[in-house]
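I have placed the structure first, in the form of structure tokens, so that the comments after it can refer back to it.
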Amino acid sequence: MPSLEAEIPAFAATLSRLLALFESAPESVVGVQPRPGDWSVKQIACHLIDSASNNHQRFTRLQRTARLEFPPYEPEAWVAVEKPEGLAWTKLLGLLGHYNAFILHLARNLDPACLGHVWVVDGQEKTLEFLVRDYYRHLDWHITHLEKRLREVSAG
């Protein structure tokens, strides 16, 4: 497996693809939920801001201590509480882009000696190195999710 440092360009490319896809979304469709229970484009963006926020804490704190316990993230509950549909699309998109630029900066500057530090959640241990790679796998998964959602809401 390549080093995290070697993967930074791929992480940056994933982020660029994701942001370009969000930016291509017509504002007229970003709040549309194709079916009850399906997230709108705005809700997907809000979820990814939550992910950046949670991982910001993990990436930073795990460089300060070898073992941490955090509660699990509850995506549906958080997005429901945050009500992203009430935010201007440009503000939500700006926050998503800026926060992820910061997360990429953190990934680029991780202390290699801390990559084995662990986050414990629900009795499972996940290393900092795993969390960083998993964060970008998660963004990549949402590219496919977002492409599908944009097709659905654009089709009417």
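The values are calculated or read from the model by the stated rules, or taken from the named source; none is laboratory data. Because the structure is a prediction, the values reported are computed rather than measured. With ideal geometry, Cβ positions are generated from the backbone for all residues, glycine too; neighbour counts draw on all protein chains shown.
Before moving on, here are some points about what is shown:
- Among the numbered conditions (1) at pLDDT 95 or above; (2) closer than 30 Å to residue 28 by Cβ, the only one that residue 110 does not meet is (2).
- Complete set of residues in the stretch 1-27 that are in contact with a helix residue (DSSP H, G or I) (Cβ under 9 Å, 6 or more places away or on another chain), modelled with pLDDT of 95 or more and among the hydroxyl-bearing types (Ser, Thr, Tyr): 14, 24
- Among the numbered conditions (1) hydrophobic (A, V, I, L, M, F, W, C); (2) exposed (fewer than 13 other Cβ atoms within 10 Å of the Cβ); (3) assigned to a helix (DSSP H, G or I), the only one that residue 120 does not meet is (3).
- Of everything listed in (1) small (Gly, Ala, Ser); (2) under 23 Å from residue 133 (Cα atoms); (3) free of Cβ contacts under 8 Å to residues at least 60 places away in the same chain, the single unmet condition for residue 10 is (3).
- Annotation note: of 67, 17, the sole residue that is in contact with a strand residue (DSSP E or B) (Cβ under 7 Å, 6 or more places away or on another chain), basic (Lys, Arg) and in contact (Cβ under 8 Å) with a residue 12 or more places away in the chain is 67.
- Inside the stretch 1-46, residues that are under 30 Å from residue 112 (Cβ atoms) and either touching a Lys or Arg at 6+ places or on another chain (Cβ under 8 Å) or part of a helix (DSSP H, G or I) (or both) make up a count of 16.
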